[in-house]
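Please read the structure below before turning to the comments.
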Amino acid sequence: DINEKLAKQTIWVRGRIHTSRGKGKQCFLVIRHQSATIQAVICVNENVSKPMVKFVTTISKESVVDIEGEVSLTPSPIESCTQKDVELQVKKVFVVSSAEPRLPLLIEDAMRPDDPANDGIQAPHANQETRLDNRVIDLRTPANQAIYRVEAGVCKLFRDTLDAKGFVEIHTPKIISAASEGGANVFQVSYFKSNAYLA
C-alpha cells in the first residue's frame, strides 16, 4: 500500500497502464494493480530526457510496466485514483509486457453500467457478448475483482472454521465428460448410458 508514510522515498512498482495522457514535456499515467490505482507523473528534467517522455506516451493501455519513482504528496486529492493523497514522480520506466495498441475491449468501457446517468451523453459501454469474448480483459474490472475477492474470502472462512474443528481437507477425483488432453491413461466409467472419465 503506497501512502503518505512513504513520502520522499524511491520505490519500484509494477502494474498495468490504465490511462495515459501526454502534455508537452510531461505525461500523466494511471497505474493499476488489481483494483488499486495511483497516478504517476513523468517530466523532462536532469534525469529524464524528452525522448523518454515521448516514449512513455506511446506505451499502449494495459501494458505491464515497472516504474521507479519517488512518492510525493499531492496538493489536492486525485479523484480518479484509489491512492488519492500521493503520486509517483517517475525516474525510470521499463515495459515488461506490451499490449496490443487496439484492444477489442477497454477497461473503462467494461466498467460503465449499461444504463448510464441521464445526462444527455451516451458514453460507450461494452455489451455482454464483447465482454465474454474478451473475458481475460473483462476480469480486470473492479466489479469482477471484487466478486472473486468475496468468493475467496468465503472459501477461506469455511476452510479456517473447519480446520479449527479438526476436519481434514481432501481432493477427490472428479468426473469429466471427455478425456483430458494430458496424454495420460484415463479411467473410463459408464455414466447414464454415456462415457465419463475420472480426472
The range 26-66, subset within 25 Å of A110 (Cα to Cα) and among the basic types (K, R), residue surrounded by the fewest Cβ atoms within 10 Å (Cβ to Cβ): K61
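Scan the range 11-22 and give yes if some residue there is under 24 Å from P101 (Cβ atoms), exposed (fewer than 12 other Cβ atoms within 10 Å of the Cβ) and either touching a Ser or Thr at 6+ places or on another chain (Cβ under 9 Å) or at pLDDT 90 or above (or both), otherwise no.
Taking the range 11-22 as the starting set, the residues that turn out to be under 24 Å from P101 (Cβ atoms) are 13-22.
Retained after the next criterion (residues that are exposed (fewer than 12 other Cβ atoms within 10 Å of the Cβ)): 21.
From what is left, the residues that are either touching a Ser or Thr at 6+ places or on another chain (Cβ under 9 Å) or at pLDDT 90 or above (or both) are 21.
Yes, the conditions are met somewhere in the range 11-22.
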Q89, sole failed condition from (1) buried (at least 19 other Cβ atoms within 10 Å of the Cβ); (2) over 19 Å from the mean Cα position of the chain (by Cα): (1)
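In the range 113-184, which helices (runs of 4 or more DSSP H) lie fully inside it and hold 2 or more residues that are modelled with pLDDT under 95 and among the polar types (S, T, N, Q)?
Details: elements: 128-133, 135-138, 142-164.
Filter on the range 113-184 gives 128-133, 142-164.
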Total residues in the range 51-94, condition over 14 Å from S20 (Cα atoms) and of a type in the set (K, R): 3
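The values are calculated or read from the model by the stated rules, or taken from the named source; none is laboratory data. A quick note: this is a predicted structure, and the numbers were derived from the prediction, not measured. Using ideal geometry, Cβ is built from the backbone for each residue, glycine included, and neighbour counts are taken over all protein chains shown.
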